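All remarks here apply to the structure that follows.
The values are calculated or read from the model by the stated rules, or taken from the named source; none is laboratory data. Bear in mind that the values here come from a model prediction, so they are computed numbers and not experimental data. In this analysis, Cβ positions are derived from the backbone assuming ideal geometry, glycine residues included, and neighbour counts consider all displayed protein chains. Protein only, heavy atoms only, side chains kept; ligands, DNA and RNA dropped before computing areas. Shrake-Rupley method; radii C 1.70, N 1.55, O 1.52, S 1.80 Å.
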Amino acid sequence: MPPTTFRIWRGDAKNADFREYTTEVSEGMVVLDAVHQIQAESAPDLACRWNCKAGKCGSCSAEINGKPRLMCMTRMNQLPPGETVTIEPMRSFPLVRDLVTDVSWNFEVKKRIKKFKPRKPDAEDGTWRMQQADVDRVQEFRKCIECFLCQDVCHVLRDHHKHNEFIGPRFLVYAAALEMHPLDTEDRLADLKNEHGIGYCNITKCCTKVCPEHITITDNAIIPLKERVVDEFYDPLTRLFRIFKPKKPAESTPA
Amino acid sequence: MDQYVTHEHDVLVIGAGGAGLRAAIEASAMGCKTAVICKSLLGKAHTVMAEGGMAAAMANVDDRDSWKVHFADTMRGGQYLNNWRMAELHAKEAPSRVRELEAWGAVFDRTQEGKILQRNFGGHRYPRLAHVGDRTGLEMIRTLQDHGIHSGIEVFMEMTVIDLLKDGDRVIGVVGYDRERGRFRVWHAGAVVLATGGIGRAFSVTSNSWEYTGDGQSLAYRAGADLIDMEFVQFHPTGMVWPPSVKGILVTEGVRGEGGVLRNKDGKRFMFDDIPDNYKNQTADNEEEGWRYTQGDKSARRPPELLTRDHVARCINREVKAGRGSPHGGVFLDIAWIKERLPNAEEHIKKKLPSMYHQFHQLAGLDITKEPMEVGPTTHYVMGGVKVDGDSQMSTVPGLFAAGEVAAGLHGANRLGGNSLSDLVVFGKRAGEHAAKFAKEHGAGQINKQQVEEAIRLSLAPFDHGIEGGGESPYAIQHDLQQLMQDYVGIVRLEDEMQRALHGITLLKKRAERASAIGHREFNPGWHAAIDLRNLLTVSEAVALAAIERKESRGAQFREDFPDKSDECSKFNIVLRQSSDGSMCLSRQPTRELPPELKAIIEEQKS
Ligand SMILES: Cc1cc2nc3c(=O)[nH]c(=O)nc-3n(C[C@H](O)[C@H](O)[C@H](O)COP(=O)(O)OP(=O)(O)OC[C@H]3O[C@@H](n4cnc5c(N)ncnc54)[C@H](O)[C@@H]3O)c2cc1C
Ligand code: SF4
Ligand code: SF4
Ligand code: FES
């Protein structure tokens with residue numbers, strides 16, 4: 001293959017711009033390989049994050065030709081041949097340097113979500129019984145590698161900067177994993193409505209489209225959560241009902 | 001001299017993988033002010049990549065399992081060079097640690113009765129690995145992380161520790177820099193726990209990430225601690241071999257546990273040709289029986305594909321060298337064939353091995369439900385590391401503890417798959433507990449400013465060299481070291497090749513002194529690579545020296561010039577220590593006699 005040109009965002013929060021690099025692309029290469037090659041050949045101080053090189057750690061998120069993707073899972077031969085490849089940092093987070101952004105906000109948000117609180121163990125030895133069918137949904141959510149690409153693409157954060165009011169799709173998935181966990185007894189619905197801004201999501205599904213783990217964020221996590229919130233706060237019958245009933249009946253399959 | 005801030009803690013944990021997080025949770029639960037430092041973001045440590053599962057004798061799938069069988073399996077795998085106390089504690093405590101993860105929110109795959117499901121893995125007599133598809137490490141790290149953030153632990157992300165600080169004999173803190181700004185900091189603590197993982201980056205083909213530069217081993221060594229068993233580096237038999245850019249990336253053993261078979265280019269299942277004597281009565285001698293084993297038939301013996309990793313890796317190596325390999329220098333690993341046996345094979349594979357399916361689909365353009373994969377050995381894990389006390393995990397230096405891959409002892413000459421994730425939580429907890437006790441008893445020590453300043457001066461040196469100042473790119477030096485280790489201290493070892501490697505390391509040390517960095521200190525990977533070289537060189541030297549000293553083939557070490565086990569060598573572990581003139585000195589430490597009750601267990605399980 002002929003050498004390929006890469007336009008890579010270089011600089012820090014104060015001063016940054018695209019710089020062009022050219023490097024040889026060989027068979028099977030992914031975008032992260034090209035970045036590493038450029039580092040070794042001509043830009044040793046080019047900053048980027050990575051760890052696993054196999055789509056498992058969620059470190060190497062970036063925008064490739066304008067699309068939020070993992071650099072380690074984007075093969076060069078999936079991009080238009082012969083054309084310049086543009087690599088930018090995630091735009092919804094403040095730039096640290098080059099392709100590295102400040103994602104610390106996400107870690108702060110997580111702390112605000114009430115932690116897992118299991119029911120009493122089912123067996124004498126302190127263990128629980130759960131059927132596989134009842135944990136399938138939660139396992140889907142727990143595949144999340146915290147790449148934050150969904151946070152990057154969500155317009156509520158990206159365009160409207162509602163970082164203080166809205167926790168974003170990643171943490172709606174996280175809340176859903178807790179709420180739908182068969183053992184969990186905590187109630188997070190009031191927080192979701194009042195503190196976590198679930199109402200800001202208008203179901204555009206952009207988050208689902210970019211998720212490298214193929215989590216059906218909107219349909220499986222956000223919509224059911226929204227329904228629960230509606231049931232809890234806007235349906236007087238359910239509300240009345242809930243006063244007399246524990247929050248989670250021995251529920252197995254979530255609504 | 002650079003200004004630096006100083007943080008005060010009771011217990012300081014270096015590393016945020018399974019071992020580090022578990023240690024921090026324990027220390028914090030004991031009322032200690034605790035901090036964790038890690039090189040990457042929280043949740044990205046190596047543990048996240050673990051696939052197959054964590055070993056614990058819960059006997060959920062086969063009620064014949066017990067801690068005794070697990071103990072005996074671990075010792076056999078380690079060829080009896082293990083610290084038997086660790087093997088005992090590990091086998092006894094792993095089930096509680098798994099259940100604890102469930103209590104903290106982990107969602108393991110389930111059995112029909114709704115218990116935690118366990119799968120087969122190489123060297124484990126019964127199905128023993130608690131797992132979540134093939135992303136068990138993610139489940140573990142996320143569970144510990146999500147539990148940990150609510151327990152008052154302070155986390156310092158993207159910061160790298162460059163040296164341990166001492167007051168007299170004792171470790172009392174560390175000095176490091178933050179990657180974002182390139183500024184130095186000091187952490188002052190009553191006790192320090194190393195949980196920094198492995199050394200895979202010393203080799204060119206590896207399943208390990210950039211983080212695995214042997215930092216913990218080398219920090220401990222420079223602080224005067226003993227390293228042990230460094231000759232034992234595990235080469236995992238199945239790494240990807242094609243395309244070149246993904247060479248070394250792991251293909252989980254779970255593929256073979258689910259019925260995947262190894263074939264050479266003639267379609268032959270070559271693993272049946274070479275079954276070691278001590279495994280003969282546990283190993284199937286025909287394909288039919290092997291298949292039944294993977295499908296849970298308790299009367300069947302396991303297929304030879306599930307023999308220990310060192311053995312499988314060498315068999316693959318042999319096939320490739322004999323010209324019977326696959327087109328890209330590996331062999332074939334075939335899971336697609338199970339469609340001959342299972343009606344819904346395609347769905348089954350995707351359900352059981354989702355990330356393998358994904359990985360090959362994305363990175364190699366190959367559908368593992370339809371075609372065989374190409375695989376070959378990859379540097380995966382180091383059994384050796386910091387020598388610790390089996391109960392407390394304290395190193396030979398007071399106040400310095402180690403847990404997880406950086407510590408040594410549990411695995412002896414070879415680690416069984418799945419025994420690492422359980423190691424992390426069993427000994428992470430112990431390290432945290434004993435570090436907390438130590439900190440409470442001893443309080444804080446005195447920081448020596450000179451030591452801090454010297455460490456800072458050394459790590460800034462690469463900027464003085466510059467390229468113009470006769471300096472050299474750290475990447476080139478790193479690359480040459482990796483090639484050297486891969487070629488001469490790899491899977492098949494020979495005395496004169498390893499001597500050549502040692503000589504090469506001496507030359508590379510000289511070059512590393514001139515390693516240069518350009519640009520500024522903010523998030524500068526070139527500079528970081530230059531700093532890492534010292535650690536990589538230390539662990540490389542340790543591996544080569546110990547491997548030369550062990551004149552036999554045992555566990556993960558295969559010496560072409562000494563292809564058999566030797567009785568003499570079964571009686572010692574190799575210890576490395578820094579001598580007063582700064583050179584690396586080696587000694588033999590006699591293995592400790594097993595207590596009669598443990599000996600009896602091993603004998604009992606041999607049948
Ligand atoms: C692809 C793959 C698959 C695996 N599958 C399995 C499996 O199925 N079952 C199993 O039991 N084992 C498996 N293993 C092995 C197992 O995952 C590792 O041995 C284990 O996760 C190591 O955990 P740890 O806590 O010791 O260290 P890690 O999880 O590697 O964490 C090390 C931490 O130390 C930090 N650190 C290192 N140096 C410094 C420094 N200088 N300053 C500050 N911080 C530092 C790092 O940033 C990181 O946070 C697998 C390994 C790989 C690579
Ligand atoms: S579906 Fe909701 S959370 Fe997802 S991108 Fe759209 S607005 Fe954001
Ligand atoms: S939900 Fe998907 S896109 Fe969002 S952080 Fe998790 S893995 Fe990434
Ligand atoms: S490097 Fe881990 S997801 Fe890309």
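With contacts defined as alpha carbon pairs under 8 Å and 6 or more residues apart, what's the relative contact order of chain A in percent?
16
Quick one: check the C-alpha center-to-center distance for segment B:428-447 versus segment A:167-195, whole angstrom.
Here the answer is 37 Å between Cα centres.
Based on the Cα atoms of chain B, what semi-axes does the equivalent ellipsoid have, where each is the square root of 5 times one gyration tensor eigenvalue, given in whole Å with the largest first?
Numbers: eigenvalues 275, 148, 112 Å².
Semi-axes from the Cα gyration tensor: 37, 27, 24 Å.
Need one number: % antiparallel among DSSP beta bridges in chain B, to the nearest 5.
About 65 percent, rounded to the nearest 5.
Antiparallel as a % of all DSSP beta bridges within the protein assembly as shown, to the nearest 5?
Details: 65 of 93 bridges.
So the antiparallel bridges in the protein assembly as shown amount to around 70 percent.
Just to be sure I understand the model, the point goes 7 Å from the Cα along the line to the Cβ. What's the resulting B:GLN605 to A:HIS155 distance in nm?
Each label point is offset 7 Å from its Cα along the Cβ direction, giving 6.0 nm.
I'd like the accessible area for B:LEU494, computed on protein heavy atoms only with a 1.4 Å probe and all protein chains in place. Round to 10 Å², please.
50
Averaged over its residues, how many other protein chain Cβ atoms are within 10 Å of peptide A:123-133's Cβ atoms?
Average per residue, whole number: 5.
Lys and Arg at +1, Asp and Glu at -1: add these up for the other residues within a Cβ distance under 12 Å of A:PRO3 and post the number.
-3
For segment A:4-101, take N as its residue count and report Rg(C-alpha) divided by 2.2 N^0.38 Å.
Ratio of Rg to 2.2 N^0.38 Å for segment A:4-101: 0.98.
Would you pull out the residues with amide H under 5 Å of B:ILE162's amide H, same chain only if 5 or more places away, H placed 1.01 Å from N?
Distant-sequence amide H within range of B:ILE162: B:VAL175, B:GLY176, B:TYR177.
Would you mind getting me the FRET efficiency between B:GLU288 and B:ASP367? Use the beta-carbon distance for r and R0 = 30 Å, nearest 0.05.
0.65
Using the Karplus curve 6.51 cos²θ - 1.76 cosθ + 1.60 with θ = phi - 60°, what ³J(HN,Hα) values do you get for each residue of segment B:88-103, in whole Hz, with x for Gly and Pro?
For segment B:88-103, the Karplus-derived couplings read 5, 4, 4, 5, 6, 9, 4, x, 5, 5, 5, 5, 4, 4, 5, 5 Hz, x marking Gly and Pro.
Kindly provide the GluC sites (Glu not before Pro) of segment A:63-130 that DSSP labels as loop, not H, G, I, E or B, and whose Cβ sees at most 10 other Cβ atoms within 10 Å.
Those satisfying the criteria are A:GLU83, A:GLU124.
From the backbone phi of segment B:295-312, what are the Karplus-calculated ³J(HN,Hα) couplings (6.51 cos²θ - 1.76 cosθ + 1.60, θ = phi - 60°) in whole Hz, Gly and Pro given as x?
For segment B:295-312, the Karplus-derived couplings read 9, x, 6, 6, 8, 8, 9, 6, x, x, 4, 9, 5, 4, 4, 4, 5, 4 Hz, x marking Gly and Pro.
Please check which bits of segment A:1-42 a label hung off B:HIS328 would reach, taking the label as a point 7 Å along Cα-to-C-beta and the cut-off as backbone N under 15 Å.
A:26-31, A:33
Using 1/(1 + (r/R0)^6) with R0 = 41 angstrom and r between the beta carbons of A:LYS117 and B:ASP2, what's the FRET efficiency to the nearest 0.05?
Values: r = 46 Å, r/R0 = 1.11.
Between A:LYS117 and B:ASP2 the formula returns 0.35.
For peptide B:103-109, how many partner chain Cβ atoms fall within 10 Å of a residue's Cβ, on average?
Per residue, the average neighbour count from other chains is 6.
If r is the Cβ-Cβ distance from B:LYS440 to B:ASP274 and R0 is 45 Å, what FRET efficiency results, to the nearest 0.05? Let's see the in-between values first.
Working: r = 54 Å, r/R0 = 1.19.
That pair, B:LYS440 with B:ASP274, gives E of 0.25.
Accessible area per residue, 1.4 Å probe, Å², for chain B: what's the number?
33
Segment A:80-108 to segment B:304-336: how many Å between their Cα centroids?
Computed from Cα coordinates, the inter-centre distance equals 40 Å.
Can you give the calculated 222 nm mean residue ellipticity of the protein assembly as shown, where each DSSP H run of n ≥ 4 adds -39,500 (n - 2.57) and the sum is split over every residue, rounded to the nearest 500 deg cm²/dmol?
Working: 26 runs with 301 residues, N = 862.
Value at 222 nm, helices only, nearest 500: -10500 deg cm²/dmol.
What angle, in degrees between 0 and 90 and rounded to the nearest 10, separates the Cα long axis of helix A:132-141 from the longest principal axis of the Cα atoms of chain A?
Helix A:132-141 sits roughly 40 degrees off the main axis of chain A.
Taking 7 Å along the Cα-to-C-beta vector as the label spot, tell me the B:LYS339-A:GLU41 distance in nanometres, rounded to one decimal.
Distance between label points: 4.0 nm.
List every residue whose amide H lies under 5 Å from the amide H of B:TYR212, counting only residues 5 or more places away in sequence or on a different chain, with H placed 1.01 Å from N in the peptide plane.
For B:TYR212, whose amide H was placed from the backbone, the distant partners under 5 Å are B:ARG201.
What part of the accessible area of segment B:240-378, given as a whole %, is carbon or sulfur when the probe is 1.4 angstrom? Display every interim value, and only then the final one.
Details: 2680 of 5390 Å².
The nonpolar share, carbon plus sulfur, comes to 50 percent.
Could you give me the ³J(HN,Hα) list for segment B:438-445, computed from phi with Karplus coefficients 6.51, -1.76, 1.60 and θ = phi - 60°, whole Hz, x at Gly and Pro?
Coupling constants for segment B:438-445: 4, 4, 5, 6, 9, x, 8, x Hz.
Could you run the numbers on buried accessible area between A and B, total for both chains, 1.4 angstrom probe, in Å² to the nearest 100?
In total, this chain pair buries about 5100 Å².
How high is the relative contact order of chain B? Use alpha-carbon pairs under 8 Å, at least six apart in sequence, and give a whole percent. If you can, show how the numbers build up before the last one.
On the way: 1428 pairs, mean separation 128.3, N = 607.
About 21 percent, as a whole number.
Answer rounded, prolate or oblate for the protein assembly as shown, using the Cα gyration tensor with square roots of eigenvalues a ≥ b ≥ c: rounded when a/c is under 1.5, else prolate when a/b is larger than b/c, else oblate. Please list the in-between numbers first.
On the way: a/c = 1.27, a/b = 1.09, b/c = 1.17.
In terms of gyration-tensor shape, rounded.
Determine the sum of side-chain charges near B:MET498: Lys and Arg each +1, Asp and Glu each -1, restricted to other residues whose C-beta is under 13 angstrom from that of B:MET498.
-4
Quick one: helix B:449-465 against the long Cα principal axis of chain B, what's the angle to the nearest 10°, folded into 0 to 90?
70
Using alpha-carbon positions, what is the distance between the centroids of segment B:92-118 and segment A:9-25, in Å?
Using only Cα atoms to place each centre, the spacing works out to 47 Å.
Taking a ≥ b ≥ c as the square roots of the eigenvalues of the Cα gyration tensor of segment B:240-378, is the shape rounded (a/c under 1.5), prolate (a/b larger than b/c) or oblate? Can you show the working numbers first?
Details: a/c = 1.88, a/b = 1.13, b/c = 1.66.
Taking the square roots of the gyration eigenvalues as a ≥ b ≥ c, segment B:240-378 is oblate.
Describe numerically, in nm with one decimal, the distance between label points set 7 Å from Cα along Cα→Cβ at A:ARG7 and at A:ARG19.
Roughly 1.7 nm, to one decimal.
Show the residues, 5+ positions off or on another chain, whose built amide H is closer than 5 Å to the amide H of B:ARG554.
HN-HN under 5 Å from B:ARG554: B:ARG559.
What shape does segment B:165-251 have by the C-alpha gyration tensor, where a ≥ b ≥ c are the square roots of the eigenvalues, rounded means a/c under 1.5, and otherwise prolate means a/b greater than b/c and oblate the rest?
Note, shape of segment B:165-251 comes out oblate.
Before anything else, pin down the relative contact order of segment B:240-378: Cα pairs under 8 Å, at least 6 apart, normalised by residue count, whole percent.
Relative contact order here is 31 percent.
Where does each of B:337-347, B:549-559 land if you order them by average Cβ count within 10 Å, highest first? Kindly include the intermediate steps, with their values, before the conclusion.
Values: B:337-347: 13.2, B:549-559: 22.4.
Ranked from most to least packed, the peptides come out as B:549-559, B:337-347.
Quick one, can you get me the convex hull of the C-alpha atoms of chain A expressed as volume per residue in Å³?
Once divided by residue count, the hull of chain A is 146 Å³.
Going by alpha carbons, how many degrees (0 to 90, nearest 10) lie between the helix axis of A:31-41 and the longest principal axis of chain A?
40
Based on the Kirkwood radius over alpha-carbon pairs, what is the Stokes-Einstein translational diffusion coefficient of segment B:279-343 at 4 °C with 1.567 mPa s viscosity, in µm²/s?
Stokes-Einstein gives a translational diffusion coefficient of 98 µm²/s.
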